[in-house]
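Participant: Take a look at this one; I'll ask things after.
The values are calculated or read from the model by the stated rules, or taken from the named source; none is laboratory data. Just so you know, these numbers come straight off a predicted model, no measurement behind them. Cβ: placed from backbone, ideal geometry, glycine included. Neighbour counts: every protein chain shown.
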Amino acid sequence: MLSEKVLKLFRVDNRKKFKLTDHKPGWNQAPEIEELGKDAVKERALEVLAQNLEDLSAAQEVLAADGRYSVLIVLQAMDAAGKDGTIKHVMSGVNPQGCQVFSFKKPSSEDLAHNFLWRYMKSLPERGRIGIFNRSYYEDVLVTKVHPELLPRGVTGGKKPGGKFWAKRYEDINAFERHLTRNGTVVLKFFLNVSKDEQKARFMERLDRPEKHWKFSTSDLAERGHWDEYMKAYQDAIAATSTKWAPWYVVPADYKWISRAVVADVATTAIRGLDCKYPDVTPEHYALLEEARKKLGEE
């Protein structure tokens, strides 16, 4: 498991002023980590990931058996930051019956006819399960902030939204997440922090490898042109919505072995921190088990 000191490098403290530029996208997160060297850090990260995959599988089994809690993992990032790969690797050992993944694309006309949280509410994990949002309701304070023309006219009255509009949306998100945590859902939020240079390299790889052509969209390139605007939008959103009950983790994503290890560790630690346990067997049920054992033994 990662130490609390290491996790503090990634967890956003809501009591301090948050600046995205204070968080590095690479492997050298602190002087003491840099002293170890890249190879040693990578080896340790892979060890942590391997151990957490095993522990997460066991923790998820108890979560399902207990049936009192659910876990919502929110993944946000720029294109090519590794959201899909993180889901694939971190959840590789989890029972598929206990995990559900939703990837939110462009909202439908029905979605737009409701409040901005509506379509996400429908996809929340039930008790005993892990739910993963590949992009989430945060898109409605990120993409729409960079492209306010995408907001329904009925929401803005045809006017460009100002600071008060976004402040109210942050307030709605905080209240929504507070409601979830009060009702047994653990909310874990990760921003996979990829650098602009690394995004370019991954885009080039997609263009150079035929089997990855399907993953490239011209819209990805268009959004890259708004990089600075997105970084500002992420900074504002994270600063306004990293709370005690649902903190943000800004995870370095230039090296996938780091981001996967951190997400796996935080998720495993959170689930194991719940007071989950296997249900107690009543005396009546135990008697039925013994009767079943006897009948099977007599066959």
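Participant: From the set of residues in the range 216-237 that are within 20 Å of ASP84 (Cα to Cα), assigned to a helix (DSSP H, G or I) and without any contact (Cβ under 8 Å) to a residue 40 or more places away in the chain, which is farthest from the chain's Cα centre (by Cα)?
Facilitator: THR218
Participant: Looking at the range 61-95, which of its residues are of a type in the set (S, T, N, Q) and surrounded by fewer than 19 Cβ atoms within 10 Å (Cβ to Cβ)?
Facilitator: Step one: list which residues in the range 61-95 are of a type in the set (S, T, N, Q), which gives 70, 76, 86, 92, 95.
Listed by number, the residues that qualify are SER92, ASN95.
Participant: Being under 30 Å from ARG127 (Cβ atoms), within 18 Å of the chain's Cα centre (by Cα) and not in a helix (DSSP H, G or I) is the filter here, so list the residues in the range 178-213 that pass it.
Facilitator: Result: GLY184, THR185, VAL186, VAL187, LEU188, LYS189, PHE190, PHE191, LEU192.
Participant: Those residues that are in a loop (DSSP other than H, G, I, E, B), touching a residue at least 60 places away in the same chain (Cβ under 8 Å) and not aliphatic (A, V, I, L, M), I need them from the range 1-47; list them, please.
Facilitator: The first filter runs over the range 1-47 and keeps only residues in a loop (DSSP other than H, G, I, E, B), leaving 1-3, 8-10, 12-19, 23-30, 37.
Retained after the next criterion (residues that are touching a residue at least 60 places away in the same chain (Cβ under 8 Å)): 1-2, 10, 12-14, 17-19, 23-27, 29.
Of everything in the range 1-47, those that are in a loop (DSSP other than H, G, I, E, B), touching a residue at least 60 places away in the same chain (Cβ under 8 Å) and not aliphatic (A, V, I, L, M) turn out to be PHE10, ASP13, ASN14, LYS17, PHE18, LYS19, HIS23, LYS24, PRO25, GLY26, TRP27, GLN29.
Participant: Going by the conditions given, is ALA233 touching a helix residue (DSSP H, G or I) at 6+ places or on another chain (Cβ under 9 Å), more than 30 Å from PHE165 (Cα to Cα), crowded, with 18+ Cβ neighbours inside 10 Å and not β-branched (Val, Ile, Thr)? Steps first, answer last, please.
Facilitator: Values: touching a helix residue (DSSP H, G or I) at 6+ places or on another chain (Cβ under 9 Å): yes; more than 30 Å from PHE165 (Cα to Cα): no; crowded, with 18+ Cβ neighbours inside 10 Å: yes; not β-branched (Val, Ile, Thr): yes.
Spelling it out, it is not the case that ALA233 is touching a helix residue (DSSP H, G or I) at 6+ places or on another chain (Cβ under 9 Å), more than 30 Å from PHE165 (Cα to Cα), crowded, with 18+ Cβ neighbours inside 10 Å and not β-branched (Val, Ile, Thr).
Participant: Evaluate the following for ASP66: is it within 30 Å of VAL281 (Cβ to Cβ), in contact (Cβ under 8 Å) with a residue 60 or more places away in the chain and touching a Phe, Trp or Tyr at 6+ places or on another chain (Cβ under 9 Å)? Let's see the steps before the verdict.
Facilitator: Working: within 30 Å of VAL281 (Cβ to Cβ): yes; in contact (Cβ under 8 Å) with a residue 60 or more places away in the chain: yes; touching a Phe, Trp or Tyr at 6+ places or on another chain (Cβ under 9 Å): yes.
When the stated conditions are applied, ASP66 passes them.
Participant: Also: Just one of (1) surrounded by fewer than 18 Cβ atoms within 10 Å (Cβ to Cβ); (2) modelled with pLDDT under 90 trips up ALA58, so point out which.
Facilitator: The one condition ALA58 does not meet is (2).
Participant: How many of the residues making up the range 105-160 are closer than 27 Å to ASP228 by Cα, assigned to a helix (DSSP H, G or I), among the charged types (D, E, K, R) and over 17 Å from the mean Cα position of the chain (by Cα)?
Facilitator: Total meeting the criteria: 3.
Participant: Another question, then. GLY273 is checked against (1) touching a residue at least 24 places away in the same chain (Cβ under 8 Å); (2) under 21 Å from the mean Cα position of the chain (by Cα); (3) under 23 Å from LEU49 (Cα atoms) and fails just one. What number does that condition carry?
Facilitator: Only one criterion in (1) touching a residue at least 24 places away in the same chain (Cβ under 8 Å); (2) under 21 Å from the mean Cα position of the chain (by Cα); (3) under 23 Å from LEU49 (Cα atoms) is unmet by GLY273, namely (1).
Participant: May I ask you to list the residues in the range 216-254 that are over 24 Å from ASP140 (Cβ atoms) and modelled with pLDDT of 95 or more?
Facilitator: Kept after step one, since they are over 24 Å from ASP140 (Cβ atoms), are these residues of the range 216-254: 216, 252, 254.
Correct list: PRO252, ASP254.
Participant: Which members of the range 267-278 meet the condition of being surrounded by 22 or more Cβ atoms within 10 Å (Cβ to Cβ) and either in contact with a strand residue (DSSP E or B) (Cβ under 9 Å, 6 or more places away or on another chain) or part of a loop (DSSP other than H, G, I, E, B) (or both)? First the steps, then the outcome.
Facilitator: In the first step, residues of the range 267-278 are kept if they are surrounded by 22 or more Cβ atoms within 10 Å (Cβ to Cβ); the result is 267-268.
Scanning the range 267-278 gives a single hit, ALA267.
Participant: Quick one: LEU142 ticks every box in (1) farther than 27 Å from ALA270 by Cα; (2) crowded, with 16+ Cβ neighbours inside 10 Å; (3) not polar (S, T, N, Q) bar one, so which box is it?
Facilitator: (1)
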